[in-house]
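Comments concern the structure below.
Please treat every number below as a calculation from the coordinates, not as lab data. Everything quoted here is computed from the prediction, not taken from an experiment. Cβ sites come from the backbone with ideal geometry, for glycine too, and all protein chains shown count toward neighbours.
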Amino acid sequence: MGDLRSLADLSDEERTAAEALLFRLADDEFVLAERYTEWQVIAPTLESDLALSNIAQDELGHARVWYDALNRIGHTEQSLVWERDPGSFRHSTLVELPFEEGDWADAIVRSYLYDVAEDLRLDAVAESGVHELVDPIEKLRSEEEYHLQHAQQWLERLCDDADGLDHVQDATDRLFEHALTLWVPGPEAAAIEEYGLRGDSLASMRRQWLDTVGSFLESLGVTMPLDPEDDPADHRPAAVGRDGSHTDHWPRLHDDLTETYRELDRSDVRRLRGESA
Amino acid sequence: MSGGVPDEGVTEPGPDEEPTPCAYTEYRDGDSESDRTYPATGADADGVEARVWAAIRDVEDPEMPVSVVDLGLIYGVTVADGVATIEMTLTYTGCPARSMLTGDIERAAEGVEGVERADIDLVWSPEWTLEMVTDDGEQALREFGVSI
């Protein structure tokens, strides 16, 4: 692993870049987990309920790992999640979209596109030389491994059937441009690269990701929404997430997931119990 | 994973040397990762650090009646100026019992004479695996009905 520096030892400029990288990682995992939980009791089999719930739990665990790192440089859970302006979240729009109602293929395609990206991204972060970024990588990777297996096996099963293949094609067509935002640079991208926090460039990882997901999906009979000679930048949605621009679905989801927190804040439990009288 | 879990008896005993029952190197600041072996059990600790190890040995996993030390979750204990720092991990990142476990461990350490405050340093490397479970932990898990 070589000598690692901790976040506290970085220069202010380096720390700002590392912080931006952590927000991308944490927000992606957190919002994806929130969406997965919507499937918790409506997946097509009890086994699938359990599998997707478990994957959601893993992703929440990973969000907690990256938010923990941000806690070390002055953030708190309140400021990171519950009281943060939805416009300052940096996740890809792929993870915030609602699922097409009852469309299991949507959950599976999304999981597949995300998990292939996650694999490449963890490799790159492992090269950062920063303790808080490197320390969890192997643990996360071992937990991620079966996510990808789960998605691949379901894709094979779905595409073995004409209706299933149609659903996978529709989900791929709908989600693909949003999945490309996984690789869109944020405002700190140049600094992240300059300080060596990412072992591979976003453009290079996007190329590898396109090769991997393209060859697998095509092997199942899915037509890729963009041609190999297309510029992926031409296939970007209006909102890309990485710069704080989001689809209209995100503020609604954020409102939902922070509702209990806000409700609690509004009621003074001690006064209700008469303890402060 | 860097290093991985070393086989038992990392240090080969010489021909005239009795093998030590627990071959591991206690972690100290400045040691490289490769100097550490797992599971850490505090067998070589003394003074207040030994007392902290003994105290946190009483903390059990909420799902299984097995000590967190025997599960191999505790990677190191240091005490300086009344502050105990407990380096530990969890079996998985999404562990829902994290606050309960870290709270129990902090309180156990803070009950030790010579410790005013306990801090948890939660780490993920090396990755926890079943290889981290001690022999006593394996025995306890078997008695509980978990095959290991």
Q: Would you mind computing, in nm to one decimal, how far apart the modelled labels at B:Met100 and A:Asp248 are, each placed 7 Å from Cα along Cα→Cβ?
A: 4.3
Q) Between A:Leu148 and A:Asp170, what length comes free when the chain is fully extended (0.36 nm per residue of separation minus the Cα-Cα distance, one decimal in nm)? A) 5.9 nm
Q: Treat segment A:10-269 as a sphere of radius equal to its Kirkwood radius over Cα pairs and apply Stokes-Einstein at 25 °C in a medium of 0.890 mPa s; give the translational diffusion coefficient in µm²/s, rounded to a whole number.
A: 130
Q) Remind me, relative contact order of segment A:10-269 in percent, using alpha carbon pairs under 8 angstrom and six or more residues apart? A) 26
Q) Cα extents of segment A:93-137 along the three principal axes, largest first, in whole Å? A) 43, 16, 15
Q: Assuming R0 = 35 Å, can you tell me the calculated FRET efficiency for the pair A:Ser219 and A:Ala8, based on Cβ-Cβ distance, to the nearest 0.05?
A: 0.15
Q) Between A:Ser201 and A:Thr260, 0.36 nm times their residue separation minus their Cα-Cα distance comes to what? A) 17.3 nm
(Q) Averaged across orientations, what area in nm² does the convex hull of the alpha carbons in segment A:118-227 project? (A) 7.5
Q: Would you calculate the separation in nanometres between label points at A:Ile42 and A:Thr76, each defined as 7 Å from the Cα along the Cα-to-beta-carbon direction?
A: 3.6
